[in-house]
1. Do the conditions hold for ALA126, that is, is it touching a residue at least 40 places away in the same chain (Cβ under 8 Å), within 28 Å of LEU20 (Cα to Cα) and away from the ligand (no atom under 16 Å from the Cβ)?
2. Considering the stretch 212-250 alone, what residues qualify as being under 20 Å from ILE347 (Cα atoms) and open to solvent by 10 Å² or more (accessible area, probe 1.4 Å)?
3. Restricting the first residue to the stretch 153-172 and requiring it to be under 25 Å from VAL101 (Cβ atoms) and free of Cβ contacts under 8 Å to residues at least 12 places away in the same chain, which pairs with a second residue that is among the hydroxyl-bearing types (Ser, Thr, Tyr) and surrounded by fewer than 18 Cβ atoms within 10 Å (Cβ to Cβ) meet a Cβ separation below 6 Å and a spacing of at least six or different chains?
4. Consider the stretch 70-113. How many of its residues are open to solvent by less than 40 Å² (accessible area, probe 1.4 Å) and either within 16 Å of the ligand (Cβ to nearest atom) or in a helix (DSSP H, G or I) (or both)?
5. State all residues of the stretch 252-279 that are of a type in the set (Phe, Trp, Tyr) and either buried (at least 23 other Cβ atoms within 10 Å of the Cβ) or outside any loop (DSSP other than H, G, I, E, B) (or both); if no residue qualifies, say none.
6. In the stretch 324-345, what count of residues is obtained for those that are within 20 Å of the chain's Cα centre (by Cα) and at pLDDT below 95?
7. Out of the stretch 25-63, which residues are surrounded by fewer than 21 Cβ atoms within 10 Å (Cβ to Cβ), free of Cβ contacts under 8 Å to residues at least 60 places away in the same chain and within 25 Å of VAL101 (Cα to Cα)?
Amino acid sequence: MGCGQPPGHLKDLAKRKGILFGGAIGPEELSDSTARDLVLRESAAITPRNALKWRTLRRSRHDWSFAEGDAIAQFAQTNDLKMRGHVLVWNPIENMPDWAVDVPHGAAGRVEAQSLMETHIERVCAHYGDRIASWDVVNEAFEPYSGDLAPGFFKDRIGPEYIELAFHKAREAAPHAQLVYNDYMRWSDKYPNHHKGVLKLLETLRKKNIPIDALGIQGHIGKYSGTENDAHWYGFLKEVTAMGYDLLITEFDVRDFARAPDIGSRDANVAALAKGFLDITLSFPELKQFICWGLSDRWSWFRQSEPREDGELQRTAPYDIDLKPKPMYAAIAAALMAAPSRDPATI
Ligand code: G3I
């Protein structure tokens with residue numbers, strides 16, 4: 001392996017500490033034998049990257065497209081992998097199918113939007129049942145600068161209560177699943193209001209006895225390299241766990257923006273960011289699941305969304321596009337070996 005002998009596969013290093021490790025996958029990985037082998041070698045859990053989103057499941061108003069999700073669920077079941085569900089409710093209108101814009105606002109629209117949301121949760125949770133052990137019930141509900149709940153399909157038609165309604169319905173429809181609020185709170189101190197908004201939400205949900213088990217930390221780090229604030233991040237996680245929430249890293253990757261011409265320096269920068277973030281975040285025994293948003297650069301979402309200034313492909317995952325391990329792989333391994341042991345993930 002390119003970065004020295006690996007101390008062991010990531011899923012095994014994680015398991016020794018009671019952490020479930022894995023990666024997001026899609027049809028891209030399933031249709032490539034070397035990618036499948038990589039996923040199986042390193043992962044004890046998987047998350048469908050896009051298969052369980054509204055735009056995939058609900059291409060038309062009355063038809064349901066479970067094929068992509070079923071192929072991933074079959075892969076997980078065949079290989080004894082835990083499966084996370086992503087995502088039951090994602091508010092921004094651009095994440096809803098095109099036909100959703102026809103749902104009106106106002107009293108009638110509120111009834112229709114709530115019925116649409118609850119029927120969706122019921123149907124998708126019933127379809128997968130206990131094959132999905134942990135659900136991202138609501139994703140990215142905040143406007144990160146203000147810390148206010150963001151506008152969007154459900155917020156605009158149902159109101160802020162769409163969040164607790166979603167969790168109530170998810171508990172009813174998936175009684176054995178871990179229920180997660182998932183968001184991209186940052187290690188950086190550039191977004192203090194985002195952290196405050198999430199803390200207020202988690203506190204309110206607890207006070208109202210809303211069924212929710214954990215906070216999903218997406219972990220897309222490195223965009224604001226240089227503004228990392230360890231104390232701020234540690235303090236945020238301390239407040240979340242003090243409310244009795246478990247933690248997950250749900251979508252880990254590291255932006256590769258360093259203005260270094262050589263790959264060695266860029267990879268070293270990414271590895272250092274990974275280790276710094278993980279040393280803090282994995283220090284919480286409440287963190288029992290750790291999912292990378294893809295194990296290889298080959299299917300990184302950054303290929304489409306965030307090209308580097310120099311036009312080079314970002315190198316954001318533990319393995320490169322040729323499925324060779326990178327220094328980030330060693331950094332993740334080192335962070336897992338340094339992490340305190342915890343009761344094994346019970347999902
Ligand atoms: O499947 C269609 C295809 O039929 C069509 O031809 C093509 C061109 O329009 O689009 C394809 O769908 C794309 C889909 O990925 C599958 O590749 C969507 O346009 C594209 O928007 C979608 O991007 C995904 C994005 O979420 C939006 O759902 C990214 O792959 C995925 O990595 C990204 O992941 C999100 C998490 O869900 C939430 N947290 C942030 C994270 C990164 O944005």
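1. Values: touching a residue at least 40 places away in the same chain (Cβ under 8 Å): yes; within 28 Å of LEU20 (Cα to Cα): yes; away from the ligand (no atom under 16 Å from the Cβ): yes.
Yes; evaluated as a whole, the condition is true for this residue.
2. Residues satisfying the conditions are ASP213, THR241, MET243, GLY244, ASP246.
3. Final answer for the pair search is none.
4. Start the filter on the stretch 70-113 by keeping residues that are open to solvent by less than 40 Å² (accessible area, probe 1.4 Å), which leaves 72-73, 75-76, 81, 83-89, 91-92, 95-97, 99-100, 103, 109, 113.
When the remaining residues are screened for being either within 16 Å of the ligand (Cβ to nearest atom) or in a helix (DSSP H, G or I) (or both), the result is 72-73, 75-76, 83-89, 91-92, 95-97, 99-100, 109, 113.
Here the count works out to 20.
5. Start the filter on the stretch 252-279 by keeping residues that are of a type in the set (Phe, Trp, Tyr), which leaves 252, 257, 277.
Within the stretch 252-279, PHE252, PHE277 meet the criteria.
6. The number of residues fulfilling the criteria is 2.
7. Correct list: ASN50, LYS53, ARG55, THR56, ARG59, SER60, ARG61, HIS62, ASP63.
The values are calculated or read from the model by the stated rules, or taken from the named source; none is laboratory data. Computed from a predicted model, the values in this text were never measured in an experiment. Here Cβ is always computed from backbone atoms with ideal geometry, including for glycine, and neighbour counts include all displayed protein chains. Just so you know, the surface numbers come from the protein's heavy atoms only, side chains and all, with ligands and any DNA or RNA stripped out. Shrake-Rupley method; radii C 1.70, N 1.55, O 1.52, S 1.80 Å.
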